[in-house]
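Novice: Dropping the structure in here first, questions after.
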Protein chains: 2
Amino acid sequence: MIDHRTLRVALLGAGSVGSQVARLLREHGDDFAERSGARLELAGILVRDLDAPRDVDLPRELLTTDAESLIVGADIVIELMGGIEPARTHILTALNSGADVVTGNKALLAQHGPEIFDAADQVGASVSYEAAVAGAIPIIRPLKDSLAGDRIVRIFGIVNGSTNFILDKMDREGLSAEDAQRLATDLGYLEADPTLDLEGYDAAQKAAILASLAFHTEVSMDDVHREGIESITADMIEGARRAGFVIKLLAICERLADADGEAISVRVYPALISREHPLATVHGGNNAVFVEGEAAGPLMFYGAGAGGVQTASAVLGDVVSAARRHIAGGVGVGESARQSLPTAEIGRISTRYQITLEVSDEQGVLAVIAGILNDGGVSAATVEQTVDDEGTARIVIGTHRAREQALGDTVARLAESDVVVRVASVLRVEGE
Amino acid sequence: MIDHRTLRVALLGAGSVGSQVARLLREHGDDFAERSGARLELAGILVRDLDAPRDVDLPRELLTTDAESLIVGADIVIELMGGIEPARTHILTALNSGADVVTGNKALLAQHGPEIFDAADQVGASVSYEAAVAGAIPIIRPLKDSLAGDRIVRIFGIVNGSTNFILDKMDREGLSAEDAQRLATDLGYLEADPTLDLEGYDAAQKAAILASLAFHTEVSMDDVHREGIESITADMIEGARRAGFVIKLLAICERLADADGEAISVRVYPALISREHPLATVHGGNNAVFVEGEAAGPLMFYGAGAGGVQTASAVLGDVVSAARRHIAGGVGVGESARQSLPTAEIGRISTRYQITLEVSDEQGVLAVIAGILNDGGVSAATVEQTVDDEGTARIVIGTHRAREQALGDTVARLAESDVVVRVASVLRVEGE
């Protein structure tokens, strides 16, 4: 047996991920020693309540409520408490006392990333956060290391498991939005307050983190255009299905280069995806992210988007890397904001759209609508007119690629038209 | 502009990947400086013939046939010559003179990996080889770093683009094996000597590299059970389609734990995959690899499996990492053979099988066959009997999971039976 150096590991938080990290660190001590070149000693676990029930049996003597004494003196600090404070203060304390930090805190990074990365650069320590985006799936490190020699053009994918679970249940089992949400809550996919997931905040935090990394630009939550799945109905899902689509909540990070110069667009919204597209086969709580490199072309990363033990795998990968760096010496690879690209307004993006209108059932409706589209500079690729059993006439328009600004103006004019009863839905079509 | 240190980069080989690496290094010099923290100076390019035609215009003064003077004095050596010698000697020279090495040479690593990794460990240099497996797809680094805190249970996927192209054309366009091969040759998917691809050697080399890394065990080509796609006919593809399957050439690396103890199985063969399985949707020359971590669960990595510029992306990611290490100091993360697990014989694996028999068209055939299966300890999940237009009677048996040894013995007994005219095919069913 090689005589390994010992590194002190402080764990902040013992929730579903933290307790699994603690268990694996303790159960596979020899393995981690071999992999990292250092014996990883779990020095203590910061908890709010020493007597709270936990997923995993943790030795009482490791639990503490005293953050300061646990953090100072640690070589590696794993932050899995979530939330902004006191997580932010603890991480800054850890970095200032020379520890490497591993965190899964997307809310914190999306809001205070630059401050934390600066603090790490000052002392040459590393901040790793593979667990913050897409659970178990290695996506941060591939972007940071594997694709460091390429230029990322676009990232798009499914990064929120809860909403994917809901949309998938609606699509595959015909559940109503309410029933699918209730099921998601019962199965633990949704928190007691489901707003973060349903309204797209969680996905937007992850999009901000991915865009920052991919485009070497500081991107915060305020830069992300965000629409959730609150307005998605069973009818819209069924309509999508009939047209060969499935509705997915997508996070999209994209470089734009148009007459207004170079910019980035970071956005989260539910969109139509062809059922032939690989993202259409991402079921349940899984995540999948496409990364398009200028040289590499499209790459896809797929796996479990959440789950205690799955996410623990991502945390521990970061821990082993931090330990190797600690042993080998050298400074961590810092974040880079050297490009500082401006964020484009949503009006500047261009994509395809599907517009569903309820119209009055009379002669000449189509001509009126075609005229409005034409005046707005929006070109229709497909137009389908239907009358349902209740006598409601609908027109479904699939557009060619159009600029969001032009599309929005045109939809407003359609809504004002006498022949249009109601704009039933406007959905973007992505992945083409 | 930050004043960067300059690192001398030697490029060995200027084929389809090498010439793209040279182009990108020269065109995006400032980018690479920012990403790696060092200015990467392309010191020279080793070629066999100074006057050979190339995919990319390369400045004549960079080309050289003098390996020794190019390599000694370089900080990073990129080996993209392929083949065993002189690539092996050049890499050892580079390591011994203190350079970090980046290579895409799967044949060399599958045969001389341990020697090369030992040489790197001796001097604390790094050997990176993301481009050796699955082209542009980041798979080596995720295994080495991202999943370093997990225990890999199984890897399986499509790692040879040429054979996937051929099987895909046969499946989707109904081409014969000969026509699909001819098309693959015309489009540059197959080399003049297609044996390496068609007989599974290329996939086996990649499987050996993946298994070595995943299981911390030295795995060479001799440890890989290898079957190619030579015997796959249009009939077999069509039969698979009717039964809801597609045939893919799979590389499988697996931990076994049975009564005979812990071992690994590394194998390459064409197998049936359900059309519902994500691997069934991998078309053309693309690659996709599933990695199953004990904690992470199944992860999938998908993208271009070959192509000059795509593979250059993987090479350059390694170059940036090597440059960072050079600047930051510290030693590279070495390979590990600490587990040294034995390799299991193919007879020890267990999977499901589909057996197609031509039988005599008479009463009681099924009973005879069922008896042989039963005696052999092979349990049938489905049995389908058909008679085609020419009056040939066939029985297609889908087995439950069985041990390969038992299956092989049983098939031999079936072949000897009076009621069996011919064993038309035996295919494994994977991904379930």
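None of the figures in this text is laboratory data; all of them are computed from the coordinates on show. Everything numeric in this text was worked out from a predicted model, so none of it was measured. Neighbour counts are summed over all protein chains in view; Cβ atoms, including those assigned to glycine, are modelled from backbone coordinates with ideal geometry.
Novice: Would you mind ranking B:Ser126, A:Ser162 by Cβ crowding within 10 Å, fewest neighbours first? Intermediate values should be presented prior to the final figure.
Specialist: Details: B:Ser126 23, A:Ser162 26.
Neighbour counts put them in this order, fewest first: B:Ser126, A:Ser162.
Novice: Please state the charge dipole magnitude for region B:258-380, taken about the Cα centre, from unit charges on C-beta atoms (+1 on K and R, -1 on D and E), reported in debye and rounded to the nearest 20.
Specialist: Values: 7 positive and 13 negative charges, 158 e Å.
Once rounded to the nearest 20, the dipole reads 760 debye.
Novice: Additional query: Would you mind calculating the relative contact order of chain B from Cα pairs under 8 angstrom and at least 6 residues apart, reporting the percent as a whole number? Each step should come with its number before you reach the end.
Specialist: Details: 905 pairs, mean separation 69.0, N = 432.
Relative CO of chain B lands at 16 percent.
Novice: How far is helix A:161-173 tilted off the main Cα axis of chain A, in degrees rounded to 10, range 0 to 90?
Specialist: So the inclination is approximately 40 degrees.
Novice: Identify, among B:Thr93, B:Thr185, B:Tyr201, the residue whose Cα sits farthest towards the positive end of the charge dipole of chain B, taking +1 on the Cβ of Lys and Arg and -1 on the Cβ of Asp and Glu, with the dipole about the Cα centre.
Specialist: Result: B:Thr93, furthest along the dipole toward the positive end.
Novice: Okay, moving on. Per 0.36 nm of contour for each residue apart, how much would the distance between A:Asn96 and A:Met221 grow if the chain were fully extended, relative to their Cα-Cα spacing?
Specialist: Numbers: separation 125, 0.36 × 125 = 45.00 nm, distance 2.61 nm.
Separation in residues times 0.36 nm, less the Cα-Cα distance, equals 42.4 nm.
Novice: Against the longest principal axis of chain A, how steep is helix A:87-96, in degrees 0 to 90 to the nearest 10, with axes from Cα atoms?
Specialist: The helix A:87-96 is inclined about 50 degrees to chain A.
Novice: Could you give the dipole magnitude of the protein assembly as shown about its Cα centre, charging the beta-carbon of Lys and Arg +1 and that of Asp and Glu -1, in debye to the nearest 20?
Specialist: Result for the protein assembly as shown is approximately 1200 debye, rounded to the nearest 20.
Novice: Charges on Cβ only, +1 for Lys and Arg, -1 for Asp and Glu, centred on the Cα centroid of region A:351-430; of A:Gln363, A:Ala424, A:Leu407, which one is farthest towards the dipole's positive end?
Specialist: A:Leu407
Novice: Taking all pairs of different Cα atoms in region A:199-344, averaging 1/r and flipping that mean, what Kirkwood radius in angstroms comes out? Numbers along the way, then the final one.
Specialist: Numbers: mean 1/r = 0.0568 Å⁻¹.
Here the Kirkwood hydrodynamic radius works out to 17.6 Å.
Novice: For chain A, modelled as a Gaussian network with Cα springs under 10 Å, which listed residue fluctuates most, A:Ala192, A:Ala119, A:Ala280?
Specialist: Among A:Ala192, A:Ala119, A:Ala280, the largest GNM mean-square fluctuation belongs to A:Ala192.
Novice: Provide the descending list of Cα extents for chain B along its principal axes, expressed in whole angstroms.
Specialist: Cα extents, longest axis first: 85, 47, 35 Å.
Novice: Calculate one ³J(HN,Hα) per residue across region B:132-142 by plugging θ = phi - 60° into the Karplus curve 6.51 cos²θ - 1.76 cosθ + 1.60, and present them in order as whole Hz with x for glycine and proline.
Specialist: Per residue, the Karplus-derived 3J(HN,Hα) values read 6, 10, 6, x, 6, 6, x, 10, 5, 5, x Hz.
Novice: Related question: Just the Cα atoms of region A:312-411: what Rg and Dmax do they give in Å?
Specialist: Rg then Dmax for region A:312-411, in Å: 25.6, 78.
Novice: Ok, one more. Would you please give the residues with an amide H less than 5 Å from that of A:Arg5, counting only those at least 5 places away or on a separate chain, with H modeled from the backbone geometry?
Specialist: Residues meeting the amide H criterion: A:Arg39.
Novice: Specify the inter-centroid distance of region A:216-237 and region B:175-251, based on alpha-carbon positions, in whole Å.
Specialist: If we compute the Cα centre of each part, the gap is 42 Å.
Novice: By counting other Cβ atoms within 10 Å of each Cβ, how are B:Leu256, A:Leu40 ranked from fewest to most?
Specialist: Details: B:Leu256 17, A:Leu40 27.
Ascending number of Cβ neighbours within 10 Å: B:Leu256, A:Leu40.
Novice: Something else now. Any idea what the relative contact order of region B:29-177 is, in percent, if you count C-alpha pairs under 8 Å spaced at least 6 apart?
Specialist: On the way: 153 pairs, mean separation 19.9, N = 149.
Relative contact order here is 13 percent.
Novice: Given springs between every Cα pair under 10 Å in a Gaussian network model of chain B, which of B:Leu11, B:Leu80, B:Leu25 has the largest fluctuation?
Specialist: Of the options given, B:Leu25 has the highest mean-square fluctuation.
Novice: Okay, moving on. Charges at C-beta only: +1 for Lys and Arg, -1 for Asp and Glu. How large is the resulting dipole of region A:351-430 about its Cα centre, in Debye rounded to 20? The partial results should precede the final answer.
Specialist: Values: 7 positive and 13 negative charges, 99 e Å.
It comes to approximately 480 debye.
Novice: Report the residue, chosen from B:Ala295, B:Ala132, B:Ala67, that carries the largest GNM mean-square fluctuation when chain B is represented by alpha-carbon nodes joined by springs under 10 Å.
Specialist: With Cα springs under 10 Å in chain B, the top fluctuation among B:Ala295, B:Ala132, B:Ala67 is at B:Ala295.
Novice: In what sequence do A:Val72, B:Val219, B:Val159 fall when counting other Cβ within 10 Å, fewest first? Intermediate results must be reported in sequence, preceding the final value.
Specialist: Numbers: A:Val72 15, B:Val219 24, B:Val159 30.
Arranged by neighbour count, lowest to highest, A:Val72, B:Val219, B:Val159 become A:Val72, B:Val219, B:Val159.
Novice: Compute the Kirkwood hydrodynamic radius of the protein assembly as shown, taking the inverse of the mean of 1/r over all pairs of distinct Cα atoms, and give it in Å to one decimal. It would help to have the intermediate numbers written out before the result.
Specialist: Values: mean 1/r = 0.0343 Å⁻¹.
It is 29.1 Å.
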